[in-house]
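The values are calculated or read from the model by the stated rules, or taken from the named source; none is laboratory data. As the structure is a prediction and not an experimental result, all values here were calculated from the model. Here Cβ is always computed from backbone atoms with ideal geometry, including for glycine, and neighbour counts include all displayed protein chains. We work out accessible area using only protein heavy atoms, side chains counted, and drop any ligands, DNA or RNA first. Shrake-Rupley method; radii C 1.70, N 1.55, O 1.52, S 1.80 Å.
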Amino acid sequence: MGNITIPKGLTGQEILNDNLYNKGMAFTNAERIALGIDGLLPPMVSTIEEQEVRVMDNYHQKSTNLAKYIFLMSLLDQNLTLFNRVLVNHLEEMMPIIYTPTVGEACQQYSFIFRRPQGVFLAAHEKGRFAELLRQWPGKDVRVIVVTDGERILGLGDLGTSGMGIPVGKLCLYAAGAGIPFHQCLPVMIDVGTNNAEFINDPYYIGLKQERIRGKAYDAIIEEFVMAVQEVFPKALIQFEDFGNLNAFRLLENYRNRVCTFNDDIQGTACVSLAGLSAAMRLTNRKLQDQTFLFLGAGEAGTGIGELIVSALVKIGMSADNAHQRCWFVDSKGLVVQSRENLADHKIPFAHDHAPVPDFLSAVQALKPTVIIGVSGQAGKFDKQVLQTMAAINEQPIIFALSNPTIKAECTANEAYTWTEGRCLFSSGSPFDPVTIDGKTFTPGQGNNAYIFPGVGLGVIASQAKHVTEGMFLAAAETLAEQVSEADFETGRLYPPLNTIRQISLHIAVAVAELAFEEGLARVERPDDIKAFIQSQMFEPQYPSYA
Ligand code: NAD
C-alpha cells in the first residue's frame, strides 16, 4: 500500500485495530516482536495469498448477497490491504456486491446493518465547523472525496444518511480500479435531512430526522463544505454523487470552473455511455452523426449523456444546434418539445419543434430512433412492443437499459435479445447473466461508470488538474471505446472485461493527464513519460514490511 509507516507511540493493540497498518496473521515473527504484538496473535504466520484463500472460502459460504456485502465491509474495517487485494483479484465477481445492485439493498438497510462509521458525516447543524470536522479524519493526504447528500441513491430515491454506502463503494472502486491508495480516499455524507417518511419513522435510522433543507440555506451548506475541502485537503478532487436533480446541475455549474470537481451521475454516466456508443459505431461500421438518439428519462444521466453526445458531434464538425437535434427525450410527461411549459433548464436545449407525443412507444414510432437509452428508473418501460418496433425499424437496434439497480432496468438482457431476434446491441446499468438464443450466447456489457471515474480521477490527481473538463471526458470515452476488441464484440459486449480495469484506468488516466498538461490546468511539472509517472503512483495491494 505505498509508503505506509507506523507512527511511533502506537500500542500493539492500536496497530492491530488500525485497518491501514493491520496485517492480521501476516505479521512476520520479527515484526510481531518489534511492534510488541507477538502475544496478541496466535502463533501461526500466514502469507497474504493464504489469507486471500481463507477470505474467499468464507465469502463463498455467505448465503445472501447482503451477507457477502457485510462480510466485505467488515474486512475493509479490519485490513485495508487484504480487502484491496481480494477486490482487485475478484473484481468482476465482487462488483455486483460492492456496487450495484447489492449496494442499493445495503443502503436501504444501512441503518439496520450499521456496524462502524466509514468516512466523515457533516450534519447540517454543524455548519460553521465543517473544516474542523474534516480535520478529524485520520488521513492527512486526501486526494479523492466522494460526497453525497443521499437524495437520489441509484434509482432508489431519497435514502438520506443511509446513502453513505455509495461513496464508500465508489472509493473501493477507485482503490481497486485505479490503484489510488485507500488512505487518500475520503467518503463524505452531508446530512441535510431526508424526505423519506419511512426513514423518519424508523427507530434505527442513523441520520437527521428532519425535512430536507432547501434553497439558500442548502447552498450555503454545500459552499462551506467545498471551501472547507480547499482549506483542509487542497489537493483533493471532489466527486459529487447521487444528489437529486433539483441540486445536481446547479452545483456542477457553480463549481466546475472554480474547484477540482465533477458529477459522476451526469458526466461519468455520459462518458461510459458515449464509450459504448462509440464502440458500437466502430464495430458495426456506423457513424455517430447518422444516429437518432431517443432517451427515456430526462434527468441527470439522460441529459448528461445527451450533452456529451453533442460535444462529440461538435468535435467532428456538426453544429451544436444540429447535434442537439439528434437527441430526443421522453420524460414522465411525454416527449420533451418546445411547446411544453416550465421545462427545467437542462431539458431546454433538447426541446425540439414537434407535436406533443404522450408516451415512449409513440415517440419510437414517430421518430424512428436508431438508439434508445433508458435512464428513467422505471422498470419494464422497454416492453415487447417497444423492442419489436426498434427491431422492425433497425437492422441492429442499439438498446441501453441503464437504470439501476437491476429491478429498475427498463428491460432485461433476455427481453432485449429475445424481442429483437438477437439483433440488438445491448448494454445495461446493472449486470445481467449471459443469454442464449438459437444456440448463440450473448454476454451483455455493463455500462458501468466504474470503467470511467477511477481512470479520470487517477489522471486528475496525478496531474493535480485545477478543473475536470468536458474534453477530459471525451478523451476518456474515446480511450475506453478503443479498448473494446473484436472478440469482446463477438460475444455481445460493448465494453472490455472488467478484470482488465487497472489497465483501462491507466490508459484513461494518461489521456486525461495529457489534456491537463496541454490545457495548462496541471499543477505539477510535465514528466517525460506520463504513463510511467502515473503507473508509479498506482499502489499494488501488498503489505509493507515493518521489520
Ligand atoms: P433523475 O431523477 O435525475 O432522472 C430521472 C428521469 O426519469 C426524470 O427526467 C424523470 O422525469 C424521468 N421519469 C420518471 N418516471 C418516468 C416515466 N414513467 N416515464 C418517462 N420518464 C420518467 O435520475 P438520473 O440520475 O438521471 O438516473 C436515472 C436512472 O439512471 C437511475 O435508475 C440510475 O440508477 C440510472 N443511472 C445509471 C447509470 C449507469 O448505469 N451507468 C449511471 C447513472 C444513473
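Just the residues that are assigned to a helix (DSSP H, G or I) and polar (S, T, N, Q), please, taken from segment 333-363. Step through it out loud before you land on a result.
The first filter runs over segment 333-363 and keeps only residues assigned to a helix (DSSP H, G or I), leaving 345-350, 360-363.
Within segment 333-363, just SER362 meets the criteria.
Can you tell me which residue is nearest to SER278 (Cα to Cα) among those in segment 330-343 that are open to solvent by 40 Å² or more (accessible area, probe 1.4 Å) and near the ligand (Cβ under 9 Å from one of its atoms)? Steps first, please.
Step one: list which residues in segment 330-343 are open to solvent by 40 Å² or more (accessible area, probe 1.4 Å), which gives 332-333, 338-342.
Checking which are near the ligand (Cβ under 9 Å from one of its atoms) leaves us with 332-333.
Details: SER332: 28, LYS333: 30 Å.
Restricting to residues being open to solvent by 40 Å² or more (accessible area, probe 1.4 Å) and near the ligand (Cβ under 9 Å from one of its atoms), the top hit is SER332.
What number of residues within segment 283-329 are away from the ligand (no atom under 16 Å from the Cβ), of a type in the set (Asp, Glu) and either free of Cβ contacts under 8 Å to residues at least 12 places away in the same chain or crowded, with 24+ Cβ neighbours inside 10 Å (or both)? If you could, list the steps in order and put the result at the bottom.
Start the filter on segment 283-329 by keeping residues that are away from the ligand (no atom under 16 Å from the Cβ), which leaves 283-292, 310-326.
Within this subset, residues satisfying the condition of being of a type in the set (Asp, Glu) are 290, 321.
Pick out the ones that are also either free of Cβ contacts under 8 Å to residues at least 12 places away in the same chain or crowded, with 24+ Cβ neighbours inside 10 Å (or both) and you get 321.
So the count comes out to 1.
Just for segment 375-392: of the residues that are open to solvent by less than 60 Å² (accessible area, probe 1.4 Å), in a helix (DSSP H, G or I) and not polar (S, T, N, Q), which one is farthest from PHE442 (Cα to Cα)?
Result: VAL386.
Would you point out the residue of segment 393-407, among those that are part of a loop (DSSP other than H, G, I, E, B) and open to solvent by 30 Å² or more (accessible area, probe 1.4 Å), that is farthest from the ligand (Cβ to nearest atom)? Explain how you work it out, then say what you get.
Just the residues of segment 393-407 that are part of a loop (DSSP other than H, G, I, E, B), to begin with: 394-397, 402-405.
Imposing the further condition that a residue be open to solvent by 30 Å² or more (accessible area, probe 1.4 Å) reduces the set to 395-396, 404.
Numbers: GLU395: 26, GLN396: 21, ASN404: 3 Å.
Taking the candidates together, the pick is GLU395.
Output the residues belonging to segment 281-301 that are polar (S, T, N, Q) and outside any helix (DSSP H, G or I).
The answer is THR284, ASN285, GLN291, THR292.
When you scan segment 120-227 for helices (runs of 4 or more DSSP H) that lie fully inside it, which ones turn up with 1 or more residues that are surrounded by 15 or more Cβ atoms within 10 Å (Cβ to Cβ) and among the hydroxyl-bearing types (Ser, Thr, Tyr)?
165-178
Inspect all residues belonging to segment 269-278 and state whether any of them is within 16 Å of the ligand (Cβ to nearest atom), surrounded by fewer than 24 Cβ atoms within 10 Å (Cβ to Cβ) and closer than 21 Å to VAL484 by Cβ.
Kept after step one, since they are within 16 Å of the ligand (Cβ to nearest atom), are these residues of segment 269-278: 269-278.
So of that shortlist, the ones also surrounded by fewer than 24 Cβ atoms within 10 Å (Cβ to Cβ) come out as 278.
Checking which are closer than 21 Å to VAL484 by Cβ leaves us with 278.
Within segment 269-278 (the criterion being within 16 Å of the ligand (Cβ to nearest atom), surrounded by fewer than 24 Cβ atoms within 10 Å (Cβ to Cβ) and closer than 21 Å to VAL484 by Cβ), the answer is yes, since at least one residue qualifies.
Among the numbered conditions (1) open to solvent by less than 40 Å² (accessible area, probe 1.4 Å); (2) under 28 Å from the mean Cα position of the chain (by Cα), tell me where THR64 comes up short.
Only one criterion in (1) open to solvent by less than 40 Å² (accessible area, probe 1.4 Å); (2) under 28 Å from the mean Cα position of the chain (by Cα) is unmet by THR64, namely (1).
Are there any pairs, at least 6 apart or on different chains, whose C-beta atoms fall under 7 Å, with the first in segment 229-256 and modelled with pLDDT of 95 or more and β-branched (Val, Ile, Thr) and the second surrounded by 19 or more Cβ atoms within 10 Å (Cβ to Cβ) and assigned to a strand (DSSP E or B), and if so, which?
Listed by first residue and then by second, the contacts come to VAL229/ILE145; VAL229/ILE238; ILE238/ILE145; ILE238/VAL147; ILE238/THR261.
Say whether the condition of being open to solvent by 50 Å² or more (accessible area, probe 1.4 Å), touching a Ser or Thr at 6+ places or on another chain (Cβ under 6 Å) and closer than 19 Å to SER278 by Cβ is met by at least one residue in segment 509-517. Break it down into steps so the answer makes sense when it comes.
First, the residues of segment 509-517 that are open to solvent by 50 Å² or more (accessible area, probe 1.4 Å): 514.
Remaining after also requiring touching a Ser or Thr at 6+ places or on another chain (Cβ under 6 Å): none.
Looking for residues that are open to solvent by 50 Å² or more (accessible area, probe 1.4 Å), touching a Ser or Thr at 6+ places or on another chain (Cβ under 6 Å) and closer than 19 Å to SER278 by Cβ, one finds none in segment 509-517, hence no.
Answer yes if at least one residue in segment 497-506 is more than 16 Å from ALA176 (Cβ to Cβ), hydrophobic (A, V, I, L, M, F, W, C) and in contact (Cβ under 8 Å) with a residue 24 or more places away in the chain, and no otherwise.
Let us first name the residues in segment 497-506 that are more than 16 Å from ALA176 (Cβ to Cβ), namely none.
No; the residues of segment 497-506 include none that is more than 16 Å from ALA176 (Cβ to Cβ), hydrophobic (A, V, I, L, M, F, W, C) and in contact (Cβ under 8 Å) with a residue 24 or more places away in the chain.
For segment 109-137, enumerate the residues that are touching a residue at least 24 places away in the same chain (Cβ under 8 Å), more than 23 Å from TYR218 (Cα to Cα) and not charged (D, E, K, R).
Correct list: GLN109, TYR110, SER111, PHE112, ILE113, PHE114, GLN118, TRP137.
Looking at segment 8-52, which of its residues are open to solvent by 20 Å² or more (accessible area, probe 1.4 Å), closer than 25 Å to LEU186 by Cα and among the aliphatic types (A, V, I, L, M)?
Residues satisfying the conditions are LEU10, LEU16, LEU20.
With the requirement that a residue be over 20 Å from VAL192 (Cβ atoms), touching a strand residue (DSSP E or B) at 6+ places or on another chain (Cβ under 8 Å) and open to solvent by 10 Å² or more (accessible area, probe 1.4 Å), what does segment 234-258 give you? Spell out the reasoning first.
In the first step, residues of segment 234-258 are kept if they are over 20 Å from VAL192 (Cβ atoms); the result is 234-237, 256-258.
Applying the additional criterion that residues be touching a strand residue (DSSP E or B) at 6+ places or on another chain (Cβ under 8 Å) yields 236-237, 256.
Hit for segment 234-258 is ARG256, nothing else.
Could you check, for segment 247-264, whether at least one of its residues is in a loop (DSSP other than H, G, I, E, B) and within 16 Å of the ligand (Cβ to nearest atom)?
Residues of segment 247-264 in a loop (DSSP other than H, G, I, E, B): 247, 256-260.
Next, only the ones that are within 16 Å of the ligand (Cβ to nearest atom) stay: 247.
Scanning segment 247-264, I find at least one residue that is in a loop (DSSP other than H, G, I, E, B) and within 16 Å of the ligand (Cβ to nearest atom), so the answer is yes.
Determine which single condition GLN446 fails, assuming it passes every other condition in (1) open to solvent by 10 Å² or more (accessible area, probe 1.4 Å); (2) modelled with pLDDT of 95 or more; (3) within 14 Å of the ligand (Cβ to nearest atom); (4) not small (Gly, Ala, Ser).
Going through (1) open to solvent by 10 Å² or more (accessible area, probe 1.4 Å); (2) modelled with pLDDT of 95 or more; (3) within 14 Å of the ligand (Cβ to nearest atom); (4) not small (Gly, Ala, Ser) one by one, GLN446 breaks only (2).
Are any residues in segment 62-108 in contact (Cβ under 8 Å) with a residue 24 or more places away in the chain and of a type in the set (Gly, Ala, Ser), and if so, which ones?
SER74, GLY104, ALA106
Looking for whichever is aliphatic (A, V, I, L, M), in contact with an Asp or Glu (Cβ under 8 Å, 6 or more places away or on another chain) and part of a helix (DSSP H, G or I) here; the options are LEU82, LEU10. Which one fits?
Working: LEU10 fails: part of a helix (DSSP H, G or I).
Answer to the selection: LEU82.
Evaluate the following for ILE437: is it within 21 Å of GLU490 (Cα to Cα), in contact with a Gly (Cβ under 6 Å, 6 or more places away or on another chain) and without any contact (Cβ under 8 Å) to a residue 60 or more places away in the chain? Lay out the reasoning, then the answer.
On the way: within 21 Å of GLU490 (Cα to Cα): yes; in contact with a Gly (Cβ under 6 Å, 6 or more places away or on another chain): yes; without any contact (Cβ under 8 Å) to a residue 60 or more places away in the chain: yes.
Yes, satisfied.
So SER545 fits all but one of (1) open to solvent by 20 Å² or more (accessible area, probe 1.4 Å); (2) within 25 Å of the chain's Cα centre (by Cα); (3) polar (S, T, N, Q); what number is the exception?
That leaves (2) as the condition not met.
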